[in-house]
Amino acid sequence: MDYERFFADKIAELKAEGRYRVFADLERKAGRFPEALSHQGEGVKDVTVWCSNDYLGNGQNPAVLAAMRDGMDKCGAGAGGTRNISGTNHYHVLLERELADLHGTETALLFTSGYVANITTLATLGAMMPGCILYSDALNHNSMIEGIRHSRTDKRIFKHNDPADLERLLAADDPDLPKMVIFESVYSMDGDIAPIEEIVEVSERYNAMTFIDEVHAVGMYGPRGAGVAERDGVMDRLTVIQGTLAKGFGVVGGYIAGSSNLIDFVRSYGQGFIFTTALPPAIAAGALTSVRLMKGEQGVKLRERHQERAQTLMTKLLDAGIPVMPSVSHIVPIMVGDPVLCKQASDELMAKHDIYVQPINYPTVARGTERLRFTPTPMHSDEDIDKLVDALQSVWENLSLKRAA
């Protein structure tokens, strides 16, 4: 076999379909978010970032940066090993306690990313409970799908955000078998939010555990930033709450929160936890500070501003006839519906208007639903919003893209 030809041909297929991914070479400006330097070709220019998952700008928060510097000065660069072999730093212990307090659970467990938290937890729970059936929302994230796949147990797929379809599937299975219902709170590509209470009620009727992914909600929803489940008053009824430290909290890492027995079970059997070097102490120190800040008044003000910015952008885009997809969250997706045009729109925004937003193509979203996904932050000004709307008007005209009705 000609291996190099095989690799080249598969890449050529992606390019022909218009969904080959090109990374933007950006240099974030600490203290000036959402501004960044774009290193494209031989030139460098200032751009405004409109697609960052640092939703609240905590990756630039002075208190978070100070905590990370202090953690590095005290503990050095790396953790020194896995959590089992010299890698459990006191900052990890403090952060896990803080996360358990955030979610009102007995304990929590850190992972190197939200992806690893999902795949490890779901694979471990599904594989080790005899006869376990996993029920997954049709639009769950790849990390959850992979966790379910690696569990090698039975699975059912219920229609997106459809408690009635979930109940239909639960009712058809053996009531004595262990079950877990797996879903997200905020779906990051469409911006819709799960009917958490209804899903929990259905799950409780059939004695099924619940696993909620709150990665696009922690820090940004609820009185203390614990997520949509906190906002909706149902956080105490969930079996496993999974979150990230890389989005609303602005650092990196993932976690799960739940009962002491469940968390200890995953800690003791989850291979993605056991065999991975622990997060650097400085990272844990920064995340600890960020979580604490988001629980308090600073977090409340940022969340209020965040929601206002999202609604302001959405309103102005709709007024301009830009086809904003229905969204009840902080995510503002704009439908393009073609991979080539989506990439062209992204390129034109960067080249002509100094605006960076990444095109979202298959397999992240279904074919024919390619889109631009905007994530306004508390730091985006009215001027930034107006400039974006004007730029999109120009791009839509130049590319003859479909407008909203």
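The values are calculated or read from the model by the stated rules, or taken from the named source; none is laboratory data. All figures in this text were calculated on a predicted structure; none of them were measured in a lab. With ideal geometry, Cβ positions are generated from the backbone for all residues, glycine too; neighbour counts draw on all protein chains shown. In case anyone asks, the SASA skips ligands and DNA or RNA and just uses the protein heavy atoms, side chains included. Shrake-Rupley method; radii C 1.70, N 1.55, O 1.52, S 1.80 Å.
What list of whole percents do you get for P(r) of the range 123-225, with Cα-Cα distances grouped in 5 Å bins up to the one holding the largest distance?
2, 13, 26, 23, 20, 11, 5, 1
Work the Kirkwood hydrodynamic radius out for the range 1-95: mean of 1/r over every pair of different alpha-carbon atoms, inverted, in Å.
This gives a value of 17.8 Å.
Measure nothing fancy, just the Cα-based angle from helix 196-205's long axis to the longest principal axis of the chain, in degrees from 0 to 90, nearest 10.
Here the helix axis deviates by roughly 30 degrees.
Just how far, in whole angstrom, is the range 194-242 from the range 143-191 if you go by their alpha carbon centroids?
First find each Cα centre; the distance between them is then 14 Å.
Sorted by packing (mean other beta-carbon atoms within 10 Å per residue), highest first, where do 135-144, 224-233, 155-164 land?
Packing proxy ranking, top to bottom: 224-233, 135-144, 155-164.
Just grab the label-to-label distance for residue 236 and residue 405, each label 7 Å out from Cα along the Cβ direction, in nm (one decimal).
With each label placed 7 Å out from Cα toward Cβ, I get 4.5 nm.
Using the Kirkwood radius over Cα pairs, work out the Stokes-Einstein diffusion coefficient for the range 339-405 at 20 °C and 1.002 mPa s, in µm²/s as a whole number.
Calculated translational D: 169 µm²/s.
Might you work out the accessible area of residue 39 for me, using a 1.4 Å probe with all protein chains in place, and round it to the nearest 10 Å²?
60 Å²
Residues with amide H under 5 Å of residue 82's amide H, sequence separation 5 or more or different chain, H placed in the peptide plane at 1.01 Å from N; which?
Residues meeting the amide H criterion: 87, 278.
Calculate the translational D of the range 278-405 in whole µm² s⁻¹ from Stokes-Einstein, where the hydrodynamic radius comes from the Kirkwood formula applied to all Cα pairs, the temperature is 20 °C and the viscosity 1.002 mPa s.
133 µm²/s
Quick check: at a probe of 1.4 Å, how many percent of the accessible area of the chain sits on carbon and sulfur atoms?
Accessible surface attributable to carbon and sulfur in the chain totals 52 percent.
With each pseudo-label sitting 7 Å past Cα toward Cβ, what's the residue 8-residue 271 distance in nm, one decimal?
Roughly 3.6 nm, to one decimal.
If R0 is 41 Å, what FRET efficiency do you get for residue 367 and residue 304 from their C-beta distance, rounded to 0.05?
After rounding, the FRET efficiency stands at 0.65.
Can you give the percent of C-alpha pairs in the range 75-188 whose distance is more than 16 Å?
Roughly 68 percent, rounded to a whole number.
Please compute the net charge surrounding residue 312, taking Lys and Arg as +1 and Asp and Glu as -1 over other residues with Cβ under 13 Å from its Cβ.
Net charge around residue 312: -4.
Restricting to Cα pairs below 8 Å that are 6+ residues apart, what does the relative contact order work out to for the chain? Please round to a whole percent.
Reported relative contact order: 21 percent.
Hey, if we sort 197, 106, 214 by accessible area with the 1.4 Å probe, largest down, what's the order?
If we order 197, 106, 214 from most to least accessible, we get 106, 197, 214.
Restricting things to alpha carbons, tell me how big the chain is in terms of Rg and Dmax, in Å.
Rg then Dmax for the chain, in Å: 21.7, 64.
Highest mean first, how do 11-17, 257-263 rank when packing is the count of other Cβ atoms within 10 Å averaged over residues?
Per-residue mean Cβ counts within 10 Å order the peptides as 257-263, 11-17.
222 nm [θ] for the chain, helices only, -39500 (n - 2.57) per DSSP H run of 4+, per residue, to 500?
-13500 deg cm²/dmol
Report the residue, chosen from 205, 305, 69, that carries the largest GNM mean-square fluctuation when the chain is represented by alpha-carbon nodes joined by springs under 10 Å.
Among 205, 305, 69, the largest GNM mean-square fluctuation belongs to 205.
With 27 Å as the limit, write out which pairs from 155/402; 295/387; 15/247; 316/343 have Cα-Cα distances beyond it, or answer none.
155/402; 295/387; 15/247
Using Cα-only point scatterers and the Debye equation, what is log10 of I(q)/I(0) for the range 236-318 at each q in 0.16, 0.17, 0.18, 0.21 Å⁻¹, rounded to two decimals?
These q points yield log10 I(q)/I(0) values of -0.82, -0.89, -0.95, -1.09.
If you roll a 1.4 Å probe over the heavy atoms of the protein chains, what accessible area per residue do you get for the chain, in Å²?
44 Å²
Rg/Rh for the range 244-292: what does it come to with C-alpha atoms and Rh from Kirkwood?
Using only Cα positions, Rg/Rh for the range 244-292 is 1.01.
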